[in-house]
1. How about the stretch 1-53: which of its residues are assigned to a loop (DSSP other than H, G, I, E, B), without any contact (Cβ under 8 Å) to a residue 40 or more places away in the chain and more than 23 Å from R185 (Cα to Cα)?
2. Whether any residue in the stretch 154-173 is of a type outside the set (V, I, T) and part of a helix (DSSP H, G or I) is what I want to check.
3. Output the number of residues of the stretch 45-66 satisfying the condition of being out of contact with any Cys (no Cβ under 7 Å at 6 or more places or on another chain), over 10 Å from S5 (Cα atoms) and buried (at least 18 other Cβ atoms within 10 Å of the Cβ).
4. Given the residues T136, T153, T200, T171, which is the only one that is among the polar types (S, T, N, Q) and either at positive phi or surrounded by 19 or more Cβ atoms within 10 Å (Cβ to Cβ) (or both)?
5. Residues that are outside the structural domain of Q141 (by TED's automatic domain parsing) and closer than 27 Å to V198 by Cα: does the stretch 61-70 have at least one?
Amino acid sequence: MSLLSVSGVTKRFGGVTANKGISFEVAPGELVGIIGPNGAGKSTLFECVSGFYRPDEGEIHLDGERVTGLSPDVICRKGIARTFQKLRPFSGMTVLENVMVGALTRTKDVKHAREQASEWLSRVGLSEKADSHARTLSTGQRKRLELARALATEPRVLLLDEVTGGVDQRTIPGLVQLVKDLHARGLTLLVIEHNMRVITAIAQRIVALYMGEVIADGAPEAVARDPKVVEAYLGQAYVK
């Protein structure tokens, strides 16, 4: 039984088809990686699932309920949250206030939202930055802030768009461990990632996209050696 179902999703921008008939399912508690070269349609797919874009064709269901074309705030309250490849904190607000924004999607009680935000900041390792302005954080810390804000919405499915992208090599292991910890707690995750070492280490399954279409879907080891994936994305050097 799937928690998230993507069926035949197509999204066009004028004469460009960014997603073409994409279909896959994500089971409860599963961690699925999304890979592919730049322009493969990965982020567009996330935009469709999270409600920022309305698909031209196809359906998206969350636990059997159709969410296709609903607004992002409605989809968020139903249980799909996301982070962004381009970090988007509220720079003039404190770190704690940023996470409270997420918590306030679930409660109107500001005191409770503050308590929830504090708990999530502790979970992602940012408690000491709670009163700092978001603009003062490093890239790695902003990644953790994005995670905390999304988690504060109490998602059933969390979409992570390149959680290790743009950070230095010393920061990556900590972020990877954080994702592993979230998954170990039972959270369902859909993760876009360019670092193959990272995605093969954390994903239970990988869906590979190329030119807007699914070209492989399966176990990480199998997808990494799929001839179509090697030719379109990884190159022969990866499998040698």
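1. Selection gives G14, G15, N38, G51, F52.
2. The answer is yes; a qualifying residue exists.
3. The qualifying residues number 8.
4. T153
5. Yes, the stretch 61-70 has at least one match.
The values are calculated or read from the model by the stated rules, or taken from the named source; none is laboratory data. Treat the numbers as computed from the prediction; the structure is a model and nothing was measured. Note: ideal-geometry Cβ built from the backbone for every residue, glycine included; neighbour counts use all protein chains shown.
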